[in-house]
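Please read the structure below before turning to the comments.
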Amino acid sequence: MSLVIDVHALQTLPPSLINRDDTGAPKSAVFGGVPRQRVSSQSWKRAIRAYFENNVDPDSVGDRSKRLPEKIAKLVEDHEGWDAERAIKQVSDLFKAAGISTEVDSKRIKELEKSDAEDKEKLLKEVRYPRTKYLIFLSPQQIERAAREIVAADGEKIKKADAKEILDTQHSVDMAMFGRMIAGDAAFNVDAAVQVAHALGIHDSAPEFDYFTAVDDLAEDGEETGAGMIGTVQMMSSTLYRFATVNVAGLTKNLDSEENAKQAAIQFVDAFIKSMPTGKINTFANHTLPELVYVTVRDTRPVSLVTAFEEPVRATDNKNLRIAGAEALAKEEKEFEENYGLKPKAAFVVGVSEAREPFAEIAETVTLPELTERLSAALDAS
C-alpha cells in the first residue's frame, strides 16, 4: 500500500511580482476560459529548497551547478600534497569515469593570457577549473565523498563502477523530493517523490502597472525640475490555489530510510506552507501565509482539487474570496469522496477560522504546530 500526502492551500497575494515571464510581466494562464495569475512550480520549489537550507538543515540541500568539479577540486586541494593541477586532473578523471562530460573554457584562457588585466593571475587560476556541460545536482555528502575518495586513491584511477556509486548514493533531501536528471547518463536520474503544481488564481485577474519616479538627491536646487528617473513595473494580486503531493514510498526509496522519509515528508509540508518566492519582494513585501491549508493522507492516488475553481470564484457583499474559495474547495472534496470513494485515511485543516468552517465535517481542525504531530501519527498508523 503506497501512501501519498496531498497538500492544498489558499493563499492571497497583495499586488506583487513574485514570478515573471521573459517580458517582465507576472506569469499567467487561462483556466476556465479566463486569464488568471500563475506562479510556476519551479519558482515555489526553489523557495522550498531555500527554506530547507535556512530553517531545517543546510546539509539536507544539495548543489545544482556546472561548477561542481571546481568545488570538489578545492576540497581536495585542502589536503597535504595536493596542488590545483593534480586535484583538477583527478576530479576530471572521476567525472569521466562516471560518464559525465566536463570541459575547460579554453577560449577564455587564451583571452586572459593575452590580456593586461591587473587580476590576470587570479582569473587564470579560477578559469582553469573544468565545468560540466550541463547543470548537475549533487548532495553535500556526494561532494564530500568524492573529495575523500580522490584523496584516498592518491593518484590511482577510480573505477567506473566506483565513480558512479560515489555520485549516486546518499541523496540530499531536496534531490529525493524533486528528483535529478543528468542528460549524459540516465542511470544517475532520480525520480521525484514530490510533485508541485503551478499556483493558480481562483478568480480572473489582470496585471496592473506601477508608475514610479526617483529623485536625484545630489541635484542642485533648480538644476532639475523633474524626476531623476521614471519607470514602470507590472504587478498582480490574487488568491491562489496551491497544490503538492508527496509519494511516501518514493521518498523512502530515494532516502533509503523509512524514518528519514517520514521526517522529510513532514518537513516538506511545513516548508510548503511557510515558504515564499522572493521575486521583487523588497518592492512589495508580500510576506503572506495561506489562509487555509487542507492536508490529506491517502492510500489510493493523489487528488488535486483545482477543478473546484474552473468557474472563477466571486466575492459578494457577505462573502469574501477566501471564504468563497474555501467553500468551493470543501464542496469539491466532498463530491470526490462521495462519488469516487476516495476518502482519505486522515485529513487535517489549518487556517483562519472562517476559512476552516467548511471543512468541519471532513477534516480534523489543528494548528500548524499540532499538524506535525498529527501527520506523523497518521503516517505511523497507515
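Quick notes on this structure:
- Top-ranked residue in the range 200-213 [being touching a residue at least 60 places away in the same chain (Cβ under 8 Å) and in a strand (DSSP E or B); ranked as surrounded by the most Cβ atoms within 10 Å (Cβ to Cβ)]: Gly201
- Across the range 9-37, the qualifying residues are those that are polar (S, T, N, Q) and in contact (Cβ under 8 Å) with a residue 60 or more places away in the chain, and the one among them that is nearest to Phe243 (Cα to Cα) is Gln11.
- Failed item in (1) surrounded by fewer than 21 Cβ atoms within 10 Å (Cβ to Cβ); (2) under 25 Å from the mean Cα position of the chain (by Cα); (3) modelled with pLDDT under 90, with Ile143 passing the rest: (3)
- Looking across the range 127-157, the residues that are touching a residue at least 12 places away in the same chain (Cβ under 8 Å) and more than 24 Å from Asp59 (Cα to Cα) come down to Val127, Arg128, Tyr129, Pro130, Lys133, Ala153, Gly155, Lys157.
- Cβ-Cβ under 9 Å pairs, at least 6 apart or on other chains, the range 184-199 side free of Cβ contacts under 8 Å to residues at least 12 places away in the same chain, far side assigned to a loop (DSSP other than H, G, I, E, B) and surrounded by fewer than 15 Cβ atoms within 10 Å (Cβ to Cβ): Asn189/Met181
- In this structure, Glu311 qualifies as of a type in the set (D, E, K, R) and either in a loop (DSSP other than H, G, I, E, B) or closer than 20 Å to Glu357 by Cβ (or both).
- Qualifying positions in the range 180-214 - among the aliphatic types (A, V, I, L, M) and farther than 21 Å from Gly325 by Cα: Met181, Ile182, Ala183, Ala186, Ala187, Val190, Ala192, Ala193, Val194, Ala214
- For the range 353-382, filtering for residues that are within 29 Å of the chain's Cα centre (by Cα), surrounded by 15 or more Cβ atoms within 10 Å (Cβ to Cβ) and not in a helix (DSSP H, G or I) leaves 3.
The values are calculated or read from the model by the stated rules, or taken from the named source; none is laboratory data. Small disclaimer: the values here were computed from a predicted structure and weren't measured. For neighbour counting, all protein chains shown are included, and Cβ atoms are generated from backbone atoms with ideal geometry for every residue, glycine included.
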